[in-house]
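Visitor: There's a structure below that I have some questions on.
The values are calculated or read from the model by the stated rules, or taken from the named source; none is laboratory data. Quick caveat, the model's predicted, so the values are computed rather than measured. In this analysis, Cβ positions are derived from the backbone assuming ideal geometry, glycine residues included, and neighbour counts consider all displayed protein chains. Just the protein is used for accessible areas: all its heavy atoms, side chains included, with ligands, DNA and RNA removed. Shrake-Rupley method; radii C 1.70, N 1.55, O 1.52, S 1.80 Å.
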Amino acid sequence: FIHRAGVLHRDLKPGNLLVNRDWHLVLADFGLARVKEARENRPMTHHVVTRWYRPPELILNPDGIYGTAVDVWSVGCIFAELMGRKPLFPGKDQVDQLTLIFQCLGSPDRSQIGHIRNSDGRRFLNSLPWYPQKKFCDIFKKASDDAIELLDAFLKFEPDSRISVQKALNHSYFSSSSSNKK
């Protein structure tokens, strides 16, 4: 609902997800939320989203041009935390945060960094050692194939490659016929 209305929450984390008496999920704390119209390309602050749930583009592109994919990344981090019972990327600072991300997702190749417009961000990426991609099925051994597939769709380095919320809701993980919801 919020993305269709052009609203970016910009601070999704476990503490901002509440469950009511009827077991309905309720989003809380819209203090950092902003309305972003699709045709509008005005910069917004990049210092949003609690660090452990912050996507790499907010750290590497401080120009403030981003969209709903920042919330999708956060949902992916929360989903991983639910499966593993601990945060996936508990960075101590921004550099540590990016290092943890790349140690898990692997180092991006040149074809994946086109959205990084900031020269400092590109220079930082080039300074990092090369990391191979880990498989989520090796990290979350008890997770179903559907859960792993969905997590992989949430946590893409390139914002345009991330699954949309609508497609995520239609994913086979959420179908009633899916046999294993781990």
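Visitor: For residues that are assigned to a helix (DSSP H, G or I) and in contact with a Gly (Cβ under 8 Å, 6 or more places away or on another chain), scanning just region 122-152, find the one that is farthest from H3 (Cα to Cα).
Guide: I139
Visitor: Is it the case that some residue within region 56-68 is modelled with pLDDT under 90 and among the charged types (D, E, K, R)?
Guide: Yes: one or more hits.
Visitor: Still on this structure, I have one more. Only one of (1) surrounded by 15 or more Cβ atoms within 10 Å (Cβ to Cβ); (2) among the aliphatic types (A, V, I, L, M); (3) modelled with pLDDT of 70 or more; (4) in contact with a Gly (Cβ under 6 Å, 6 or more places away or on another chain) fails for V35. Which number is that?
Guide: (1)
Visitor: Moving on to the next point. Inspect region 104-117 for any residue being of a type outside the set (S, T, Y), farther than 17 Å from A69 by Cβ and modelled with pLDDT of 95 or more and give the result as yes or no.
Guide: Scanning region 104-117, I find at least one residue that is of a type outside the set (S, T, Y), farther than 17 Å from A69 by Cβ and modelled with pLDDT of 95 or more, so the answer is yes.
Visitor: Looking only at region 128-165, which residues are charged (D, E, K, R) and open to solvent by 70 Å² or more (accessible area, probe 1.4 Å)?
Guide: K134, K135, D138, K141, K142, D145, E149, D160
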